[in-house]
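Student: My structure is below; once you've seen it, I'll send some questions.
The values are calculated or read from the model by the stated rules, or taken from the named source; none is laboratory data. What you are looking at is a predicted structure, and each value in this text was computed from that prediction instead of being measured. Positions of Cβ are backbone-derived with ideal geometry, glycine not excepted, and every protein chain shown enters the neighbour counts. With ligands, DNA and RNA removed, areas are computed over all heavy atoms of the protein, side chains included. Shrake-Rupley method; radii C 1.70, N 1.55, O 1.52, S 1.80 Å.
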Amino acid sequence: MKHVYPAVFHPEEEGGFCVYFPDIKRGATQGETIAECMEMAEDFLCLSLYNMEEEKQAIPAPTNMKDINAESEDIVTLISVDTGDYRRFYDNKLVKKNLNIPFWLNEKAEAANVNFSQLLQRALKAELNLAAD
């Protein structure tokens, strides 16, 4: 699922930035440069939302950027993440499924060297309208 949330990059006295999301109450992240902060912010947001989805918690609506009370030196920007991409990349453990097919079909498939696992994955992705990876 794709999400876009505002992030606040607050400059630190000793250098770098603290990055927080007004809508995500799970903490904050930081970095030395804007580029590093962007990467850390994406990771933080994606993992926070992924965990909320896994815990069946309500995902908060993103605050409108113009409604964020930021200090004058703060940078407010949008961060976009896709928890579906994260899930497909990291939560890719295999699950064993038992199924029944007619004997004659099994014989023909084995004779044709069909990989049942790959075939089932492709069929499920097609049935669920998921992109083939």
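Student: So, in the chain, how many Lys pairs have Cα atoms under 26 Å apart, if the pair is 8 or more places apart or on different chains?
Tutor: 17
Student: If you work out Rg and Dmax of the Cα atoms in Å from the coordinates, which of (1) 15.0, 48; (2) 14.4, 41; (3) 22.0, 73 do you get?
Tutor: (3)
Student: Taking only protein heavy atoms into account and a 1.4 Å probe, give the accessible area per residue of the chain in Å². Can you show the working numbers first?
Tutor: Details: 9840 Å² over 133 residues.
About 74 Å² of surface per residue is accessible.
Student: Within 10 Å of each candidate Cβ there may be at most 16 other Cβ atoms; applying that plus a DSSP loop requirement, which trypsin sites (Lys or Arg not before Pro) in the stretch 45-117 survive?
Tutor: On the way: sites: LYS56, LYS66, ARG87, ARG88, LYS93, LYS96, LYS97, LYS108; in loops: LYS56, LYS93, LYS96, LYS97.
Qualifying residues, ordered by number: LYS56, LYS93, LYS96, LYS97.
Student: State, to one decimal in nm, how far the label point of ALA61 lies from the label point of SER117, with both points 7 Å from Cα in the Cβ direction.
Tutor: For ALA61 paired with SER117, the spin-label model returns 4.5 nm.
Student: Then there's this: For q = 0.23, 0.24, 0.27 Å⁻¹, what log10 I(q)/I(0) does the stretch 50-128 give under the Debye formula with an equal point scatterer on each alpha carbon and no solvent?
Tutor: Debye intensities relative to I(0), on a log10 scale: -1.21, -1.25, -1.35.
Student: Let me spell out the model: positive unit charges on the Cβ of Lys and Arg, negative unit charges on the Cβ of Asp and Glu, origin at the Cα centre of the chain. What dipole size does that give, in debye rounded to 20?
Tutor: Values: 13 positive and 23 negative charges, 256 e Å.
Roughly 1220 debye for the chain.
Student: Among MET40, PRO62, VAL19, whose Cα sits farthest toward the positive end of the charge dipole of the stretch 1-94 (+1 at Cβ of Lys/Arg, -1 at Cβ of Asp/Glu, about the Cα centre)?
Tutor: PRO62
Student: Okay, next question. Could you work out how far apart the two model spin labels at ILE34 and PHE103 are, taking each label as a point 7 Å from the Cα in the direction of the beta carbon, and quote it in nm?
Tutor: 7.1
Student: Separate question: For the stretch 14-85, what mean projected area does the convex hull of the alpha carbons give, in nm²? Present the calculation step by step, with values, prior to reporting the outcome.
Tutor: On the way: hull surface 21.3 nm².
Dividing the Cα hull surface by four gives the mean projection, 5.3 nm².
Student: Now for a separate question. Of all the accessible heavy-atom surface of the chain, with the other protein chains kept in place and a 1.4 Å probe, what percent is carbon and sulfur?
Tutor: Details: 5250 of 9840 Å².
Exposed carbon and sulfur together represent 53 percent of the surface.
Student: Continuing with this model, one more query. Pick from ALA61, ALA28, ALA41 the residue whose mean-square fluctuation is largest in a GNM of the chain, springs joining Cα atoms under 10 Å.
Tutor: ALA61
Student: Let me ask something else about it. Farthest toward the dipole's positive end in the stretch 48-117, which of THR77, ASN106, ASN92, given Cβ charges of +1 (Lys, Arg) and -1 (Asp, Glu) about the Cα centre?
Tutor: Projecting each Cα onto the dipole axis, the largest value belongs to ASN106.
Student: Please list, in order, the residues from the stretch 1-43 whose amide nitrogen is less than 18 Å from a point placed 7 Å along the Cα→Cβ vector of GLU53.
Tutor: Residues 1-6, 24-26, 41-43 fall inside that zone.
Student: Still on this structure, I have one more. Compute the signed sum of charges (Lys and Arg +1, Asp and Glu -1) over the other residues within less than 12 Å, Cβ to Cβ, of ILE68. Could the numbers behind the result be given before it?
Tutor: Values: positive: LYS66; negative: ASP23, ASP67, GLU71, ASP74.
Spelling it out: positives minus negatives among the neighbours equals -3.
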